[in-house]
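Step one of this worksheet: look at the structure below.
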Ligand code: SF4
Ligand code: SF4
């Protein structure tokens, strides 16, 4: 079988499995490995220490093959378009709701996509007779997916650091399958498949909308994002105390942030659609839930681990863990700063996790500052009387002093 025939089979099968995009590129040295290493060395990864491992493999993905297996020669780069609809402003801008990034409206894409990569590899092996396994990775291995998506002609990397495919936008989940079959000409920059017309316009041009729109000024410059100023990093990856200077800028975002994609002209006027992968279809309860809902005694999923696990069993939200999510919710409650939040903050101030109590103290201070609310002041003083953790005590004192 020719490489072109096998490519056609792989592409057709990928569509059948639920991928929207499938491209091929030779496995070589990652084009931006130097930039990424410098980014790591500058400490940008923060708590994402897993990014510091396997530098050589990230630079040379062929080294991801088992020593006894045939070396990988081709990377199949796959994209899943998860766009469904734009969040209505009535929900997006409602401070009493916690907005969740749209990739997390459905089930966890890692769990959905990983078995599909195994299935695709099995199909290739059935056609080639190969006995060793290919390597499928979906955001979990040392691969610079956006580099390879660009190399394969799947899209280009925008100034917001997302992969953008004109006509499709940037709401893309990327996955790769490394295989030993040689399906493309290593000499060509973009190897396989018909050359898409959009290659002529694969650029941001003079647009800077995403850089300007970021509420936390997380872009050091075009194509250069500092995660430690990014809402997505803090609300998903970090387990720590969110810097005070950033909290007010998070608004009502409790898991991830879509702002720098939402403003992108390439994402404008996209049709409403249901993703090919049915598991990604939005669960309404995971789009913008009322902030106070998870404090309700009937389903206290912010307060109780069993309720949290049941609520988010198949969701990417479980990555942030209960304490991380309750921390995020406290920040959103502080930004709402409505007097009706005090009963919920009372419960959060009793949470066993100090990281939660720190943010509950901050949020209660915001209510106090906005309304001169006597119950909020009493709550802070009571909490201070019995608080053992120095970081929480500091936060309680700042809240009582009216320091934002
Ligand atoms: Fe800024 Fe949000 Fe984009 Fe992060 S995800 S860079 S906070 S706009
Ligand atoms: Fe590029 Fe503009 Fe989109 Fe940012 S908003 S990624 S600059 S096109």
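The values are calculated or read from the model by the stated rules, or taken from the named source; none is laboratory data. Small disclaimer: the values here were computed from a predicted structure and weren't measured. Counting neighbours? That spans all protein chains shown, and the Cβs are built from the backbone with ideal geometry, glycine included.
Yes/no per residue for (1) within 30 Å of residue 221 (Cα to Cα); (2) outside any loop (DSSP other than H, G, I, E, B); (3) within 16 Å of ligand 1 (Cβ to nearest atom):
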residue: 308; (1), (2), (3): no, yes, no
residue: 313; (1), (2), (3): no, no, no
residue: 325; (1), (2), (3): yes, yes, no
residue: 332; (1), (2), (3): yes, yes, yes
residue: 341; (1), (2), (3): no, yes, no
residue: 344; (1), (2), (3): no, yes, no
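I'm checking my understanding of the structure. Among residues of the stretch 264-284 that are away from ligand 1 (no atom under 16 Å from the Cβ) and assigned to a helix (DSSP H, G or I), which one is surrounded by the fewest Cβ atoms within 10 Å (Cβ to Cβ)?
So the residue we want is 284.
Sort out for me the helices (runs of 4 or more DSSP H) sitting completely within the stretch 32-149 that have 3 or more residues that are free of Cβ contacts under 8 Å to residues at least 60 places away in the same chain and more than 24 Å from residue 231 (Cβ to Cβ).
33-41, 109-128
Considering only the stretch 151-167, how many residues are within 13 Å of ligand 2 (Cβ to nearest atom) and either assigned to a helix (DSSP H, G or I) or in contact with a strand residue (DSSP E or B) (Cβ under 8 Å, 6 or more places away or on another chain) (or both)?
Going through the stretch 151-167 one residue at a time, the tally reaches 11.
Kindly evaluate residue 185 against the criterion of being over 22 Å from residue 13 (Cβ atoms), assigned by TED's automatic domain parsing to the domain that holds residue 32 and at pLDDT below 95.
No, not satisfied.
Considering the stretch 42-67 alone, what residues qualify as being farther than 17 Å from residue 135 by Cβ and in contact with a helix residue (DSSP H, G or I) (Cβ under 9 Å, 6 or more places away or on another chain)?
Selection gives 43, 44, 45, 46, 47, 48, 51, 52, 55.
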